[in-house]
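Some notes on the structure that comes next.
The values are calculated or read from the model by the stated rules, or taken from the named source; none is laboratory data. Keep in mind that this is a model prediction, so the values were computed, not measured. A quick note on method: Cβ atoms are made from the backbone with ideal geometry, for glycine too, and the neighbour counts reach across all protein chains shown. Protein only, heavy atoms only, side chains kept; ligands, DNA and RNA dropped before computing areas. Shrake-Rupley method; radii C 1.70, N 1.55, O 1.52, S 1.80 Å.
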Amino acid sequence: LSGICAAYYLQTRCPGKRYAILESRDAIGGTWDLFRYPGVRSDSDMFTLGYSFRPWRDPRAIAGGPAILAYLRETAAVYGIDRRIRFGHRVHRAAWSSAEARWTVEAERAPGEVVRLTCSFLLMCGGYYDYARGYTPEWPGVARFAGRLVHPQEWPADLDYAGKRVVIVGSGATAVTLAPALARRAAHVTILQRSPTYVVSRPSHDAAADRLRRRLPRRLAAGLVRWRSVLLGLYYYRLMRRKPAEARDTLLRAVRAQLGPDYDVATHFTPRYNPWDQRLCLAPDGDFFAAIRAGAVSVVTDRIDTFTETGIRLRSGADLAADIVVTATGLVMRWLGGVRVAVDGAPVDPARALTYKGAMLSDVPNLAAIFGYTNASWTLKAELIARYVCRLLNYMDRRGYTTCTPRRTDPALVAEPLLDFTSGYVQRALPALPRQGSRRPWRLYQNYLLDTLTLRLGRVNDGTLAFARHGRRGAA
């Protein structure tokens, strides 16, 4: 998503620039090519997860992984971006030289073969988690389990779950996605969760968006539908954060309406945290709840005591029989894809840096990173950052600057955690992530409107960015 987005804006808004995309894998698609588990789909509407410059045309507002992958590949081909990708280039290190005003990027192209490239500006578009592995806790007795243990990030193409008893460990978006998909062929699916999460049902087709797209010119309709999705998302997010008790009651009433008055919603669907302390899980057309009502999916709220030969023994003493255990236990976050960054020979420790406008790092010249929203579609922020980088590059070219560096000069600035999410994958990663500041332009806003004002309309030279001409400090 991010690399294709950045390439489009760079070649349309900075046509004099040359660029290359280094992709560690051998195919286009990123997440949507990596994840192959049954039912994989978006948990954001496609009107905002799709690009504004090539609006999503499929009638489904919530789409499956294969459709999203096809959209990304078609987009890259339409704009010739696919010809600029160097596949099989895993970047390990990037070193900045102030004397040369250049980055030297080292990538492994084949085992033992290192390729070095230089560039004037480095834009990191690799997302925020480790593609090599997902997160799996260490459970007692796992080695005794005679069945198959699978992490969704590494879903085997040969896994036959037809007629099998499947236990999914986890309560997040992946578990809610997997359960109804597996239940179509499995003998039974059990979700085993330590604690519940908020699950909301939403139609996979947006009737209002369909009406607009039928009655208005294509581009006008696409813009209106996109902004409608943005504004509704912001409205409900802010409403839930301002009135968490009321939001909690509304969400739980909706679950009871799906599962009936006799279902134990208090135990299995009532989280200990407020709405949007973690992402809400989406059940398109209520498929997750329908699978529970049909008896094909069960939810168990308990803790693992140990694995056994035939399944899992719980703290309560109960046993869950399983032929397959799916560990939907989360991701491993990696800042900048694990690339080691150095400035003039000194390693950059991300945990000691601040994010500038959610796009750059303090004291690191000519580098930006795309980091999407936690409360909205990733693409919304990806487009804002890509367009901002183009504004920045054009500003520098017009004035003859070769470097730009965010400088932390405010002594009253307080460093704070980058994210305020309580999700396990975020909490595990926070000590290694950059921090945000207590005020602009170091503050990270999970708000598309505020970021639009800052990144699209705000001054490029805001007094915090230090500009230089090949090592000399430039005038403001």
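Straight-line reach from Lys357: which lysines fall under 23 Å, measuring Cα to Cα and dropping same-chain residues less than 8 apart?
Qualifying lysines at Cα under 23 Å: Lys381.
With loop defined by DSSP as not H, G, I, E or B, and exposure as at most 11 other Cβ atoms within 10 Å, which is the longest segment of the chain clear of exposed GluC sites (Glu not before Pro)?
Working: sites that count: Glu138, Glu309.
Here the longest run is 139-308.
Specify the inter-centroid distance of segment 39-108 and segment 412-476, based on alpha-carbon positions, in whole Å.
Taking the Cα centre of each part, segment 39-108 and segment 412-476 sit 23 Å apart.
Restricting the count to DSSP beta bridges whose residues both fall in the chain, what percent are antiparallel, rounded to a multiple of 5? Let's see the in-between values first.
Details: 38 of 70 bridges.
Percentage antiparallel, nearest 5: 55.
From the backbone phi of segment 351-358, what are the Karplus-calculated ³J(HN,Hα) couplings (6.51 cos²θ - 1.76 cosθ + 1.60, θ = phi - 60°) in whole Hz, Gly and Pro given as x?
Once rounded to whole Hz, the list reads 5, 9, 9, 10, 8, 9, 6, x.
Could you compute how fast segment 385-476 diffuses translationally, taking Rh as the Kirkwood radius over C-alpha pairs and applying Stokes-Einstein at 37 °C with viscosity 0.692 mPa s? Give it in µm² per second.
On the way: Rh = 15.1 Å.
My calculation gives 218 µm²/s for D.
Can you check what the Kirkwood hydrodynamic radius comes to for segment 131-251, Cα pairs only, in Å to one decimal? Each step should come with its number before you reach the end.
Values: mean 1/r = 0.0542 Å⁻¹.
The answer is 18.4 Å.
For segment 61-136, what is the Kirkwood hydrodynamic radius in Å, using each pair of distinct C-alpha atoms? The partial results should precede the final answer.
Working: mean 1/r = 0.0650 Å⁻¹.
Kirkwood hydrodynamic radius for segment 61-136: 15.4 Å.
Give me the accessible area per residue for segment 154-273, probe 1.4 Å, as a whole number in Å².
Here the residues of segment 154-273 average 54 Å² of exposed surface.
Taking 25 Å as R0, compute the FRET efficiency from the Cβ-Cβ separation of His92 and Asp285 and round it to 0.05.
Values: r = 44 Å, r/R0 = 1.75.
Between His92 and Asp285 the formula returns 0.05.
Take the alpha carbon atoms of segment 238-317, find their center, do the same for segment 152-206, and report the distance between the two centers in whole angstrom.
About 13 Å separates the Cα centre of segment 238-317 from the one of segment 152-206.
So how much slack lies between Ser24 and Arg469, counting 0.36 nm per residue of separation and subtracting their Cα-Cα distance, in nm?
Numbers: separation 445, 0.36 × 445 = 160.20 nm, distance 3.28 nm.
That pair, Ser24 and Arg469, stretches by 156.9 nm at full extension.
Here are several values of Kirkwood radius over Cα pairs in Å: (1) 24.1; (2) 23.4; (3) 21.7. Which one was derived from the coordinates shown?
Among (1) 24.1; (2) 23.4; (3) 21.7, the one derived from this structure is (1).
Semi-axes of segment 6-98's equivalent ellipsoid from the Cα gyration tensor, sqrt of 5 times each eigenvalue, largest first, rounded to whole Å?
On the way: eigenvalues 139, 65, 26 Å².
Listed largest to smallest, the semi-axes of segment 6-98 are 26, 18, 11 Å.
How large is the helix-only mean residue ellipticity at 222 nm for the chain, computed as the sum of -39500 (n - 2.57) over DSSP H runs with n ≥ 4, divided by its residue count, in deg cm²/dmol to the nearest 500?
Mean residue ellipticity, 222 nm, calculated: -9000 deg cm²/dmol.
Relative to the present Cα-Cα distance, how much length would full extension add between Asp349 and Ala146 at 0.36 nm per residue of separation? Present the calculation step by step, with values, prior to reporting the outcome.
Values: separation 203, 0.36 × 203 = 73.08 nm, distance 4.28 nm.
Taking Asp349 through Ala146 to full extension adds about 68.8 nm, to one decimal.
With a point put 7 Å past each Cα toward its Cβ, work out how far Asp410 is from Ala266 in nm, to one decimal.
4.7
What are the residues whose amide H is under 5 Å from the amide H of Ser298, where those residues sit 5 or more places off or on another chain and H is modelled from the backbone?
Under 5 Å from the amide H of Ser298: Val189, Thr190, Ile191.
Which of the trypsin sites (Lys or Arg not before Pro) found in segment 310-374 are in a DSSP loop and have at most 12 neighbouring Cβ atoms, other than their own, within 10 Å? Kindly include the intermediate steps, with their values, before the conclusion.
On the way: sites: Arg313, Arg315, Arg334, Arg340, Arg352, Lys357; in loops: Arg315, Arg334, Lys357.
Listed in order of number, the matching sites are Arg315.
Taking a cut-off of 15 Å between Cα atoms, list the aspartates and glutamates near Lys243, but don't count ones fewer than 8 places away on the same chain.
Counting by Cα, and skipping residues close in sequence, Lys243 has these aspartates and glutamates nearby: Asp277.
Given R₀ = 30 Å, FRET efficiency for Leu216-Arg54 by Cβ-Cβ distance, to 0.05? If you can, show how the numbers build up before the last one.
On the way: r = 18 Å, r/R0 = 0.59.
Once the sixth-power term is evaluated, E becomes 0.95.
At 7 Å along Cα-to-Cβ for each site, give me the label-to-label distance between Ala257 and Ala132 in nm.
Inter-label distance under the simple model: 4.7 nm.
Of all the accessible heavy-atom surface of the chain, with the other protein chains kept in place and a 1.4 Å probe, what percent is carbon and sulfur?
Numbers: 10980 of 21920 Å².
Within the chain, the accessible surface is 50 percent carbon and sulfur.
Just to confirm, what accessible area per residue do you get for segment 298-411 at 1.4 Å probe, in whole Å²?
It amounts to 36 Å² per residue over segment 298-411.
Run the numbers on the chain and let me know its relative contact order in percent, using alpha-carbon pairs under 8 Å that are six or more apart. Write down the numbers at each step before the final one.
Numbers: 885 pairs, mean separation 98.5, N = 476.
Once normalised by length, the contact order is 21 percent.
What are the semi-axes of the equivalent ellipsoid for segment 319-476, taken as the square roots of 5 times the Cα gyration tensor eigenvalues, largest first, in whole Å? Let's see the in-between values first.
Working: eigenvalues 220, 61, 45 Å².
Each semi-axis is √(5λ); the values are 33, 18, 15 Å.
Assign one of three labels to segment 375-415, namely rounded, prolate or oblate, based on the Cα gyration tensor with a ≥ b ≥ c the square roots of its eigenvalues; rounded applies when a/c is under 1.5, prolate when it is not and a/b is larger than b/c, and oblate otherwise. The partial results should precede the final answer.
Numbers: a/c = 4.25, a/b = 1.04, b/c = 4.07.
Note, shape of segment 375-415 comes out oblate.
What list of ³J(HN,Hα) couplings, whole Hz, do you get for segment 307-322 from phi and the Karplus terms 6.51, -1.76, 1.60, once you set θ to phi - 60° and write x for glycine and proline?
Ordered by residue, 3J(HN,Hα) equals 7, 10, 5, 10, x, 10, 9, 9, 4, 6, x, 6, 10, 10, 6, 8 Hz.
Taking a cut-off of 14 Å, what percent of all Cα-Cα pairs in segment 279-343 are separated by more than that? Walk me through the numbers before you get to the answer.
Numbers: 1564 of 2080 pairs.
Across segment 279-343, Cα pairs with separations above 14 Å total 75 percent.
Once amide H atoms are placed 1.01 Å from N in the peptide plane, what residues at a sequence separation of 5 or more from Ala283, or on another chain, have their amide H within under 5 Å of its amide H?
Residues meeting the criterion, in which the H sits 1.01 Å from N, are Val200, Ser201, Arg202.
Report D for segment 268-386 in µm² per second (integer): Stokes-Einstein, Kirkwood Rh on Cα pairs, 37 °C, 0.692 mPa s.
Numbers: Rh = 19.2 Å.
Translational diffusion coefficient: 171 µm²/s.
How high is the FRET efficiency between Tyr445 and Arg194 when r is their beta carbon distance and R₀ equals 25 Å, given to the nearest 0.05? Walk me through the numbers on the way to the answer.
Values: r = 31 Å, r/R0 = 1.25.
Efficiency at R0 = 25 Å is approximately 0.20.
Would you mind getting the accessible area per residue of segment 1-147, heavy atoms of the protein chains only, 1.4 Å probe, in Å²?
Working: 6950 Å² over 147 residues.
In whole numbers, segment 1-147 has 47 Å² accessible per residue.
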